[in-house]
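Structure first, commentary second.
The values are calculated or read from the model by the stated rules, or taken from the named source; none is laboratory data. Here the structure is a predicted model, which is why all the values come from computation and not from measurement. Virtual Cβ from ideal backbone geometry, glycine too; neighbours counted across all protein chains shown. The accessibility values were calculated without ligands, DNA or RNA, using every heavy atom of the protein model including side chains. Shrake-Rupley method; radii C 1.70, N 1.55, O 1.52, S 1.80 Å.
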Amino acid sequence: MKALLLNDFYMVKKDYKTYGFIIGLMMLFFIIVSMGMSAESFFDFSYLITPFIAFAFSITSAVFHYDEKAGFMQYALTMPFTKKQYVKEKYIFHMLNSVISCVLAITTLTIIGMIRGMIFDRNNLLNLGEIALMILIVSSFMGIWEISCVMKFGSSRAKIIVASLTITVGVISALIVSIIPEIQESDLNHMILLIINVMLIIFCGVTLWMYHMGFVWASKKEF
């Protein structure tokens, strides 16, 4: 497992340098832009975390692309690695990059808060914690779908599927957030909230199923 992780990190070493430069510029841009904005809490800047969530997804996609291009799995399976261990390692690799994304996003928000003179009281620290948790959750969901879809469809088609799913979920979430005030004032608010919760439960259930099927599809996949 350690060897597989080291292989992935070495393989995307140049990508890290490129992403590091891009993210550095992004962080600087976000900090400059935030100076002219009004905000009461870190949640007012939470939309800035989207590129950081995409970071882990992009790195994991790059690893699968390199694996397929180099025919790494045919070589790896001649060593004492199983297909299940290969999939497990990809989840670990993705989560490590998700943590890196989380740290970068929170660092950016913290710098913005310091520049704007925001008080790091209990509420603001809780806001940062909630944002960090949101990044990890969203990134984890994306990782599960991506890795499972790669095992079923290959890296190119998996990238399209996950990107389409992410856009769809993002649009639906934005619509839900925009109509929350109307929902709260509506006589049907309880029914609508119930429908939303049922949809979330279904999505989480499908994601857990995708996690399981990732291992199943990997065991059947001919590399």
When the charge dipole of the range 104-175 is computed with +1 on Lys and Arg Cβ and -1 on Asp and Glu Cβ about the Cα centre, the Cα farthest towards its positive end, among S139, G154, L126, belongs to G154
Heavy-atom accessible area of the range 45-159 with neighbours in place, 1.4 angstrom probe: carbon+sulfur share in percent works out to 68 percent
Rounded to whole Å², per residue accessible area for the range 86-140 with a 1.4 Å probe reads 46 Å²
